[in-house]
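Read the figures in this text as sums done on the coordinates, not as results from a lab. It should be emphasised that the depicted structure is a prediction, and the values quoted were computed from it without experimental measurement. Because the Cβ atoms are built from the backbone with ideal geometry, glycine has one as well, and the counts that use them run over all protein chains shown.
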Amino acid sequence: MRPDPDMSDTTDTLEWKACPDCYAEGRVPYILRVADHFYMKKAPRYKGGYRVSAYCKEHEKQRAAAQRAKQKAERAELKAEEEATGITPPALATLRAKWRAEWNGRSREQRRMAHRNTIQANPETHRANVRRYIAAHRDSERARKAAWYAANREAVLERMRHRRSRLRLTSKPS
Ligand SMILES: [Zn+2]
């Protein structure tokens, strides 16, 4: 009979650890060298500030991917519900508040990087979003600009005059 991988006192040492998923799949070996096959995860409450991942690297990645796919499906479902009913489900509102808080907590540079990564990961979606945004805002954007120019007419003209006179000054040969 195989040893129970959850009995950490018999199978887990500082150097060797059993991966429960490897064990469940019947892989041999399922007791792996910690330094090669497990992640060191930041864990402030653990001794030294780190802990060994619960699963081997391969299974940690698989579980993370499965978790992301599950969350993505849940989000899609909530958005579909919102679109169909015109009412934002409370769970989606909570998620959006969380995303907004995370976004607001980021630095300017982190935001720029996150935005760029999103675009690079989904160039087609990005182009479609831009087209949709332009189509939806073309008229209102033009009206907004026109209103701004009308309200700031004197300041705009003054700036234009200023720029022209500077151009004259720099382009005139002395
Ligand atoms: Zn494993």
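For region 24-70, enumerate the residues that are loosely packed, with under 10 Cβ neighbours inside 10 Å and of a type outside the set (Val, Ile, Thr). Those that are loosely packed, with under 10 Cβ neighbours inside 10 Å and of a type outside the set (Val, Ile, Thr): Gly26, Asp36, Lys42, Pro44, Arg45, Lys47, Gly48.
Cβ separations smaller than 7 Å between residues 6+ apart or across chains give the following pairs from region 141-169 residues that are assigned to a helix (DSSP H, G or I) to residues that are not aliphatic (A, V, I, L, M): Val156/Tyr149.
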